[in-house]
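Here is the structure we will look at, set down as structure tokens.
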Amino acid sequence: MNKSITGRHFELTEAIKSYTDTATESMAKYHLDIISVSTVISANEKHGRKGFVVEFIINLKDKNTIVITQVDKDVYAAIDIAIDRVNKSLRRHADKIKGHRIMSFKDMDAGADAVTEFDIEDAEIVPMDLELHKPLDFDEAIHALREEKKRQFIVFNDNEGLMRVMYKRADGKFGLY
């Protein structure tokens with residue numbers, strides 16, 4: 001994780017840098033792939049009142065960015081409140097990722113059924129609701145997968161009219177969802 005602390009219109013002391021650095025270390029407990037954390041602390045004076053603006057910019061894996069901005073009279077209070085808000089956002093993001101885990105075709109283990117020679121009469125097809133693309137029938141789907149080099153999966157209708165997915169496995173065989 002890359003970390004940077006910047007002060008605008010404000011001179012950062014070693015105490016503030018170390019306080020911010022230890023606060024950003026607490027972000028690792030969510031086990032997210034955090035690429036970088038940028039902290040910008042700036043002095044702000046509006047309408048004769050002095051204050052501080054603390055901004056955390058957190059770049060996560062998969063192009064996700066979290067930006068938290070906090071304004072307060074005290075720089076330490078602003079950092080504390082901003083860190084609480086960052087932790088809340090990271091916790092929500094981590095829960096969302098864990099709750100909506102998507103399994104790709106690459107994640108399937110070797111025990112997944114492969115289709116080498118497929119006979120329609122002997123096939124046992126397990127229904128599954130999928131609403132992806134314009135469906136084909138089985139013969140068109142297997143013909144299209146054999147002919148095309150770029151396409152890795154195809155959607156088709158089975159004998160009962162339900163949508164199915166056929167995909168190419170790494171070993172050259174075909175899998176069926």
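The values are calculated or read from the model by the stated rules, or taken from the named source; none is laboratory data. Fair warning: this is a prediction, and the values are worked out from it, not measured in the lab. Positions of Cβ are backbone-derived with ideal geometry, glycine not excepted, and every protein chain shown enters the neighbour counts.
For region 1-52, taking the residues that are in contact with a strand residue (DSSP E or B) (Cβ under 8 Å, 6 or more places away or on another chain) and among the basic types (Lys, Arg), the one that is modelled with the lowest pLDDT is identified as LYS50. For region 7-33, which residues satisfy the criterion of being under 27 Å from HIS93 (Cα atoms), of a type in the set (A, V, I, L, M, F, W, C) and either part of a helix (DSSP H, G or I) or in contact with a Ser or Thr (Cβ under 9 Å, 6 or more places away or on another chain) (or both)? Hits for region 7-33 are ALA23, MET27, ALA28.
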